[in-house]
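What follows is a short report on a single structure.
The values are calculated or read from the model by the stated rules, or taken from the named source; none is laboratory data. Model, not experiment: these values are computed from the prediction. Every residue, glycine as well, gets a Cβ built from its backbone with ideal geometry; the counts of neighbours run over all protein chains shown.
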Amino acid sequence: MILDVGRPLGGRRGLVLRAPPLLLGAALAASLAGDARAERPPDVRATAEKLYQDAYLLAQKGETARACRLYEESNRLDPANGTKLELARCYEDTGRPASAWALYVAVAQADEASGQNRARQTEARARARALEAELPRLVVVAPASASDREDLLITRDGVPVGEALWGTPMPVDLGAHTIRASTSDHRAWEGTVHVSKARETVTVAIPASSAWAPAPRDVVRGRDGRSTLGPPPALSLALGGVALAGLVVGGACGAMAFRTWAEAEAMAPTQCRSPSGFSGCTQAVADKGAEASRFAAASTAGFVLGGAALAAGAFVWFTSAWDERPAVGRIEILPVAGPSGVGGLVRGAF
């Protein structure tokens, strides 16, 4: 194995490696065996090491953005100061000076506390000192009125900005930053600023709350991914009840039609001249046949009504903005059959 003092190809934990592929496994095994933080499973640490190696090669090819993502994942799986140092360099090269500076400081402090890698500590501290003077900064100025400051929540890119930081220049990365202010009375203000160069200080003054717009209502995602604002509308529930009633009545009448027709078929051999064609039958057989036909027609009507109501209810359900909570209701479905016809009764309150 040949040790080198340049940027490491395998220096995640301070080991500087420049070796053929067959020696990589042995070096990694030695690193795994000798590291004090052995609580990470070996396969996780091996994955982190491989990500580190791949990220370094990408950085050498100039694919810095991809390298940053691999360094981040390597450090997430198994944090190491060597990874943090390379990630800081990566951030510095991709317009994220504040993130790079924070990592340089963290690496220097950790190495100083452990006393394990003075060379890396010196490099990280020097880079942090040089970068600090170049940092762009963002100042968030809260409304001056005490009433506007009461119950005020300010965030920068979704991260809370505490009152101690109001009016204080905060190091930020280059690019767009979203500032949002809100209060518990559902009023909010939001603005976006762009930080475009080193040493720039951008100030964002939040206006008085009287100029704010009402905050958007919290959105609940339905199972289909659509935005909804509460429970489903009462109309869709009513249509669902009608659909259920139609299907129940259709099923009940269908069963009665089959049973009545079976009775007519049983009577035909003794009360019809031609049982197979139901001709020359008595009035009793004719009445049974007519009753079976009425039940069949009612069954068809029930299924058609139920299907149409189900489709309409589904349309209302998936296209409405749910913004009113319906009152608790009750639906009763009562099949009705008699000598003059069959049908169903839907009764309830919505």
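Restricting attention to segment 72-86, report how many residues are of a type outside the set (K, R), in a helix (DSSP H, G or I) and within 20 Å of Q109 (Cα to Cα).
Residues of segment 72-86 that are of a type outside the set (K, R), as a first pass: 72-75, 77-83, 85-86.
Going one step further and asking which of them are in a helix (DSSP H, G or I), we end up with 72-75, 77, 81-83, 85-86.
From the residues that got through so far, the ones that are within 20 Å of Q109 (Cα to Cα) too are 72, 75, 81-83, 85-86.
Adding up the residues that qualify gives 7.
Being assigned to a helix (DSSP H, G or I), touching a Cys at 6+ places or on another chain (Cβ under 8 Å), assigned by TED's automatic domain parsing to the domain that holds L51 and under 23 Å from M170 (Cα atoms) is the requirement here; does Y91 meet it?
Numbers: assigned to a helix (DSSP H, G or I): yes; touching a Cys at 6+ places or on another chain (Cβ under 8 Å): yes; assigned by TED's automatic domain parsing to the domain that holds L51: yes; under 23 Å from M170 (Cα atoms): yes.
It is true that Y91 is assigned to a helix (DSSP H, G or I), touching a Cys at 6+ places or on another chain (Cβ under 8 Å), assigned by TED's automatic domain parsing to the domain that holds L51 and under 23 Å from M170 (Cα atoms).
So which of A144, A113, A119, A80 ends up being out of contact with any strand residue (DSSP E or B) (no Cβ under 9 Å at 6 or more places or on another chain) and surrounded by 20 or more Cβ atoms within 10 Å (Cβ to Cβ)? Full working, then the answer.
Details: A144 fails: surrounded by 20 or more Cβ atoms within 10 Å (Cβ to Cβ); A113 fails: surrounded by 20 or more Cβ atoms within 10 Å (Cβ to Cβ); A119 fails: surrounded by 20 or more Cβ atoms within 10 Å (Cβ to Cβ).
Only one candidate passes the filter, namely A80.
Tally time: how many residues in segment 124-141 are surrounded by fewer than 17 Cβ atoms within 10 Å (Cβ to Cβ) and under 17 Å from A88 (Cβ atoms)? Spell out the reasoning first.
Taking segment 124-141 first, the residues surrounded by fewer than 17 Cβ atoms within 10 Å (Cβ to Cβ) are 126, 129-130, 132-134, 137, 139, 141.
Okay, now just the ones that are also under 17 Å from A88 (Cβ atoms), so 126, 129-130, 132-134.
The total comes to 6.
Do we have R118 as closer than 17 Å to R89 by Cα and touching a helix residue (DSSP H, G or I) at 6+ places or on another chain (Cβ under 8 Å) here? Before you say what the answer is, go through the steps one by one.
Working: closer than 17 Å to R89 by Cα: no; touching a helix residue (DSSP H, G or I) at 6+ places or on another chain (Cβ under 8 Å): yes.
Judged against the criteria, R118 is not a match.
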